[in-house]
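The values are calculated or read from the model by the stated rules, or taken from the named source; none is laboratory data. These figures come from a predicted structure and were not determined experimentally. Cβ: placed from backbone, ideal geometry, glycine included. Neighbour counts: every protein chain shown. For the accessible areas, the whole protein counts, side chains as well, though only heavy atoms, and no ligand, DNA or RNA atoms are used. Shrake-Rupley method; radii C 1.70, N 1.55, O 1.52, S 1.80 Å.
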Amino acid sequence: MSAASQPTGPGQVPSPCNGVCRINTANGWCEGCRRSLDEIAAWSGMSDAQRREVWRLLPERHAQAARQN
């Protein structure tokens, strides 16, 4: 995932879910979108600012997961 794919403009922030929904028990992140179970569960109630913060964390999580494989 590149920084260019992160939502930055006004309006509703889309979910990063890509339909690959498996939780990695080693790090607690979804193997598809790299969100935690808490982030996934809270997503519908999050503000756009909170959602953007989750999006901001995802590139580093993807990089960490790639290094672990």
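Quick one: how many residues across region 18-42 are in a loop (DSSP other than H, G, I, E, B) and among the aliphatic types (A, V, I, L, M)?
2
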Which pairs do you get when a residue that is open to solvent by less than 40 Å² (accessible area, probe 1.4 Å), found in region 30-47, comes within reach of a residue that is part of a loop (DSSP other than H, G, I, E, B) and of a type in the set (S, T, N, Q), reach meaning Cβ atoms under 8 angstrom, with the pair 6+ apart or on two chains?
-> Cys30/Asn24; Gly32/Asn18; Cys33/Ser15; Cys33/Asn18; Trp43/Ser15
Count - residues of region 2-29 that are closer than 19 Å to Arg52 by Cβ and either modelled with pLDDT of 95 or more or surrounded by 14 or more Cβ atoms within 10 Å (Cβ to Cβ) (or both) = 9
Conditions (1) part of a loop (DSSP other than H, G, I, E, B); (2) within 12 Å of the chain's Cα centre (by Cα): number failed by Gly11 | (2)
